[in-house]
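Just below is one structure, and these are the notes that go with it.
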Amino acid sequence: MSNAALFLTVLITAMFMVLAALLIAKWLAPTSNNPAKGEPYECGIPTRGPSWVQFKVGYYLFAILYLVFDVETVLLFPWAVIVKDLGINGLILVSFFFVVLTLGLVYAWKKGALQWK
């Protein structure tokens, strides 16, 4: 069997398995037409007022920036462990990585994304 035929067989099998799992779950899952099921619920206390409250986009932007720089820190650890083996080429690549992240930080700072208003 060639690589293309094997790949196609695995792909079709995977698609069939996913479709079968979805259909079986839909067929076996219990259903309820109770309108209370669609109401918002928190801690056993019925909500008062509108449940959909808009949050400022600054919260999301701050969280995304945190994640970006958190991932940066996670990516630096493996580099620091094998820094001697990488030599000057590894130093150049990590320097480029830092430059790109620093430019992103400067851009966010200039746009005012780091100001908590």
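The values are calculated or read from the model by the stated rules, or taken from the named source; none is laboratory data. Only a predicted model underlies this, so the values are computations on that prediction, with no experimental measurement involved. As a convention, Cβ positions derive from the backbone with ideal geometry for all residues, glycine included, and neighbour counts pool all protein chains shown.
Below are the figures for this structure:
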{"quantity": "Check on V94, surrounded by 10 or more Cβ atoms within 10 Å (Cβ to Cβ), modelled with pLDDT of 90 or more and of a type outside the set (D, E)", "calculated": "no"}
{"quantity": "Q115, sole failed condition from (1) at pLDDT below 80; (2) surrounded by 10 or more Cβ atoms within 10 Å (Cβ to Cβ)", "calculated": "(2)"}
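Yes or no, residue by residue, for (1) among the aromatic types (F, W, Y); (2) closer than 28 Å to L114 by Cα; (3) outside any helix (DSSP H, G or I); (4) free of Cβ contacts under 8 Å to residues at least 60 places away in the same chain:
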site	(1), (2), (3), (4)
Y59	yes, yes, no, yes
F62	yes, yes, no, yes
F69	yes, yes, no, yes
E72	no, yes, no, yes
L86	no, no, no, yes
N89	no, no, no, yes
V94	no, yes, no, yes
